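To start, the structure itself, in structure tokens.
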Amino acid sequence: MCGIVGYIGYREATPILLTGLKRLEYRGYDSAGLALLEDLPRAVTSNGTETALVTGTRLVIQKCRGKVTELEELSALTPIHSTVGIGHTRWATHGAPSDINSHPHTDQNERLAIIHNGIIENYGQIRDRLAARGHTFRSETDTEVLAHLIGEFYSEERSLTEAVRLALNEVVGAYGIAVVAADDPNEIVCARKGSPLVIGVGNDNEYFVASDAAAIIAHTRQVIYLSDNEMATVSRSGIKTRTISNIEITKNIEVLDMELEAIEKSGFDHFMLKEIHEQPRTITDAMRGRVIEEEGDIVLGGLQNQLRDLRRAKRLILTACGTSFHAGLIGKYMIEQYARIPVEIEYASEFRYRNPIVGDDDVMFGISQSGETADTLAAMREGKRKGARALGIVNVVGSTIARESDGGVYIHAGPEIGVASTKAFTSQLTVLSLLTIMLGRMRHLSVVDGRAMIRELLLIPEKVQRILDDSEQQVKEIAEIFKDATNFLYLGRGYNYPVALEGALKLKEISYIHAEGYPAAEMKHGPIALIDENMPVVIIAPHDEVYEKVLSNIQEVRARKGHVIAIASEGDEKIKELAEQVIYIPRTMSLFTPMLSVVPLQLLSYYMACARGCNVDQPRNLAKSVTVE
Ligand code: M6R
């Protein structure tokens with residue numbers, strides 16, 4: 001979704017802001033803009049001969065609909081000498097993507113500029129009130145209303161920080177904001193509620209502001225995370241933090257655990273392909289230091305204080321959105337089979353509003369790559385409110401879900417830049433496998449079985465590597481054959497039913513082909529009506545307990561002339577007679593097959609999108625982390 005970057009220091013702000021915005025492009029956006037405080041004096045030439053000297057500070061706004069490169073071109077037309085500025089990538093909520101709706105927005109007198117992530121829910125009332133006082137609005141956005149409100153409070157007697165604080169006290173909604181003003185040229189004021197904000201502490205009195213550490217990692221690793229209802233005044237001489245109810249607070253500087261190369265493409269054409277190829281390593285990283293092979297047991301550091309609750313839990317509740325939800329669905333199957341604990345899995349967006357029954361015998365896990373998904377966060381807060389222990393399975397270290405959880409497990413997949421989630425999914429599955437073994441060993445799983453599961457799990461990275469080595473070219477060719485299809489069906493049973501959902505989601509997201517995932521047996525109850533000679537059907541059919549049943553489903557598709565692309569276990573010759581295309585994956589225990597079967601599906605969606613000329617890493621309308629509901 002929207003991205004924020006800010007800079008105050010001694011260097012030229014424009015290139016720092018533009019590079020920061022490029023680092024945020026992966027989050028999804030439709031327009032971009034800068035607000036710069038131009039350092040004066042400046043010589044202004046008029047009539048070709050006369051030269052006047054202008055002093056003071058000037059607020060300059062440069063913004064446009066489109067990509068950051070377009071903003072860069074615009075900005076190059078009028079170079080501005082500035083060492084303080086803020087930049088934004090906007091993902092439209094209020095008002096269509098357009099130059100005028102792009103951020104930054106200014107107040108009535110155009111003295112201050114604001115960039116904003118989130119939604120101001122009561123902007124309509126505030127706008128009416130300000131309009132009655134003579135304000136005129138240029139855009140359709142909630143953000144411009146906030147700019148005007150801050151402007152109302154901002155005066156010679158009242159600092160920018162105080163004006164922002166008073167305005168925020170009137171606001172209902174979610175925000176991460178950064179504000180600059182020409183009359184206070186030596187500071188950036190920022191604040192957060194429900195939308196992440198991090199302040200980077202550089203060397204030599206320079207500071208950065210960002211909604212995502214990726215925007216500033218090239219400059220510093222030392223950061224301060226703002227929490228909800230906190231604000232900061234960032235100047236060259238330091239950072240002052242307070243709550244929006246005006247209580248001064250001291251924040252600790254933390255060190256970012258992120259490498260610059262992790263957010264670069266490293267020779268791959270797209271981040272998505274790089275991330276698919278990283279999976280042998282990221283799965284290993286998710287297991288690192290957590291496995292006690294001899295004891296057939298698992299140690300998850302972030303759950304050590306929760307062991308009592310986990311041991312006596314009557315039920316686990318998993319909640320998540322999108323791909324993380326699919327991982328959770330597989331987690332339910334695993335945990336129920338091996339730990340024999342009832343597990344409910346629910347879309348966070350449903351859970352948060354339907355008044356679910358939750359008690360203090362329940363332990364809840366929010367699963368989220370970004371750790372910022374608004375629905376997942378709200379569902380966890382709701383579960384907590386009702387007495388459950390709320391734990392996180394999260395990728396982004398220091399994210400809101402990670403910070404608000406009572407405990408949890410990082411998946412350690414590293415930054416995931418491609419909008420389509422790939423490596424985070426297999427790392428989530430790895431952590432859910434570890435959790436299954438740990439919970440199983442607390443209850444019904446023997447040391448021998450625990451050990452056997454661990455040994456097999458440790459082989460998964462190598463098996464994923466084999467799939468990448470052996471099937472990538474074949475998948476590319478299959479993508480060429482089916483690239484013009486308009487519909488796809490994905491079928492799987494048991495552990496591979498959620499993989500069918502995930503395969504269909506991946507295809508929809510980046511190739512814009514309509515795709516549906518179904519439990520294979522459900523096909524007869526409706527979707528079979530769609531099958532004809534134009535319908536490719538991807539069927540996940542590893543050699544597991546439901547293999548024979550899946551073969552019957554393949555027959556049903558073939559009988560209606562559908563094109564079957566099967567994902568099957570190595571050595572399965574029988575399936576070759578039934579399916580048009582067979583992609584082989586190594587054999588493993590059933591519960592681990594999703595970590596293998598999903599890989600060809602990730603590659604298929606990737607190569608389909610490439611063959612159709614789609615923007616793989618930044619698909620239309622999508623945002624990497626969905627911080628609004
Ligand atoms: O960051 P999260 O895991 O909480 O995100 C949840 C979904 O928004 C996310 O998985 C989305 O569905 C991806 N684009 C899937 O590829």
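Treating the angle as unsigned and between 0 and 90°, give the value, to the nearest 10°, between the Cα long axis of helix 447-482 and the longest Cα principal axis of the chain.
Tilt of helix 447-482: around 80 degrees.
Can you list the chymotrypsin sites (Phe, Trp or Tyr not before Pro) in region 241-336 that are in a DSSP coil and have 16 or fewer other beta carbons within 10 angstrom?
On the way: sites: F268, F271, F325, Y333; in loops: F268.
Of the chymotrypsin sites (Phe, Trp or Tyr not before Pro), the ones in loops of region 241-336 whose Cβ has at most 16 other Cβ atoms within 10 Å are F268.
Under the Karplus relation 6.51 cos²θ - 1.76 cosθ + 1.60, θ = phi - 60°, what is the ordered set of whole-Hz ³J(HN,Hα) values for region 286-296, x standing for Gly and Pro?
5, 9, 3, x, 10, 10, 10, 4, 4, 8, x
Would you mind telling me the antiparallel percentage of the DSSP bridges in the chain, rounded to 5?
Numbers: 71 of 112 bridges.
If I count the DSSP bridges inside the chain, around 65 percent turn out antiparallel.
At a 1.4 Å probe radius, which order do E629, E140, E372, E72 fall into by accessible area, largest first?
On the way: E629 125, E140 105, E372 25, E72 65 Å².
These residues rank, largest area first, as E629, E140, E72, E372.
Report the accessible area of T106, computed with a 1.4 Å probe over the heavy atoms of all protein chains in place, in Å² rounded to the nearest 10.
My reading of the accessible area for T106 is about 20 Å².
Suppose every K and R has +1 on its Cβ and every D and E has -1 on its Cβ; what is the size of the dipole of the chain about the Cα centre, in Debye to the nearest 20? If you can, show how the numbers build up before the last one.
Values: 67 positive and 84 negative charges, 227 e Å.
The calculation lands at about 1100 debye.
With an 8 Å Cα cut-off and a minimum separation of 6 or more residues, compute the relative contact order for the chain in percent.
Details: 1462 pairs, mean separation 76.3, N = 629.
RCO, the chain: 12 percent.
Putting +1 on Lys and Arg Cβ atoms and -1 on Asp and Glu Cβ atoms, find which of P536, I330, N246 reaches farthest to the positive end of the dipole of the chain.
The one lying farthest along the dipole's positive direction is I330.
Quick one: pull the percent of accessible area on the chain belonging to carbon and sulfur, 1.4 Å probe, ligands and nucleic acids left out. Could the numbers behind the result be given before it?
Values: 11370 of 24040 Å².
Ligands and nucleic acids excluded, carbon and sulfur reach 47 percent.
Heavy atoms only, probe 1.4 angstrom, no DNA, RNA or ligands counted: give me D449, D406 ranked by accessible area, highest first.
On the way: D449 80, D406 55 Å².
In descending accessible area the options line up as D449, D406.
Given only helices, namely DSSP H runs of n ≥ 4 each adding -39500 (n - 2.57), what is the per-residue ellipticity at 222 nm of the chain, to the nearest 500 deg cm²/dmol?
The per-residue figure over the chain is -11000 deg cm²/dmol.
Kirkwood hydrodynamic radius for region 267-355: how many Å is it when counted over pairs of different Cα atoms?
Working: mean 1/r = 0.0632 Å⁻¹.
For region 267-355, inverting the mean 1/r across all distinct Cα pairs yields 15.8 Å.
Over region 326-439, calculate the relative contact order: mean separation of alpha carbon pairs under 8 Å at least 6 apart, over the residue count, as a percent.
Working: 174 pairs, mean separation 30.0, N = 114.
Relative contact order of region 326-439: 26 percent.
Tell me, rounded to the nearest percent, the portion of alpha carbon pairs in the chain spaced more than 37 Å apart. Can you show the working numbers first?
Working: 78422 of 197506 pairs.
Considering the chain, 40 percent of its Cα-Cα pairs are separated by more than 37 Å.
Show me the trypsin sites (Lys or Arg not before Pro) within region 350-399 that DSSP assigns to loop and that have at most 12 other Cβ atoms within 10 Å of their Cβ. Don't skip to the answer; put the middle values down first.
Working: sites: R352, R354, R381, K384, R385, K386, R389; in loops: R352, R354, K386.
The qualifying sites are R354.
Between region 310-372 and region 97-160, how many Å separate their Cα centres?
Each part reduced to its Cα centre gives a spacing of 40 Å.
Angle check, please: helix 374-385 long axis (alpha carbons) against the longest principal axis of the chain (alpha carbons), in degrees 0 to 90, nearest 10.
80 degrees
Not counting ligands, DNA or RNA, and with a 1.4 Å probe, what is K22's accessible surface area in Å² rounded to the nearest 10?
The accessible area of K22 comes to roughly 80 Å².
Please tell me the relative contact order of region 411-519 in percent, rounded to the nearest whole number, where contacts are Cα pairs under 8 Å and at least six residues apart. Numbers along the way, then the final one.
Values: 77 pairs, mean separation 20.0, N = 109.
The value is 18 percent.
Give the ranking of V397, V180 by solvent-accessible surface, highest area first, calculated with a 1.4 Å probe.
Details: V397 65, V180 0 Å².
Result of the area sort, largest leading: V397, V180.
What is the sum of charges around N203, taking Lys and Arg as +1, Asp and Glu as -1, for the other residues whose C-beta is under 15 Å from the C-beta of N203? Numbers along the way, then the final one.
On the way: positive: R11, R221, R236; negative: D204, E206.
Neighbour charge sum, excluding N203 itself: +1.
Measure out, as a whole number of angstrom, how far apart the alpha-carbon centroids of region 245-287 and region 605-629 sit.
A separation of 19 Å, based on Cα centres.
Based on DSSP, what percent of beta bridges with both residues in region 462-624 are antiparallel, to the nearest 5? Before the final figure, lay out the partial values.
Values: 0 of 20 bridges.
Around 0 percent of the beta bridges assigned by DSSP in region 462-624 are antiparallel ones.
Using 28 Å as the Cα-Cα cut-off, could you pick out the over-long pairs in K193/K314; K314/K624; K193/K384?
From K193/K314; K314/K624; K193/K384, over 28 Å: K193/K314; K314/K624.
Helix 547-559: angle to the longest alpha-carbon principal axis of the chain, degrees 0 to 90, nearest 10?
80 degrees
With every protein chain present, what is the per residue accessible area of the chain (1.4 Å probe, Å²)? Write down the numbers at each step before the final one.
Values: 24040 Å² over 629 residues.
The answer is 38 Å² per residue.
The values are calculated or read from the model by the stated rules, or taken from the named source; none is laboratory data. Just so we're clear, the structure is a prediction, and the values are computed from it rather than from any experiment. Please note: Cβ atoms are built from the backbone with ideal geometry, for glycine as well, and neighbour counts cover all protein chains shown. For accessibility, only protein heavy atoms count, side chains too; no ligands or nucleic acids. Shrake-Rupley method; radii C 1.70, N 1.55, O 1.52, S 1.80 Å.
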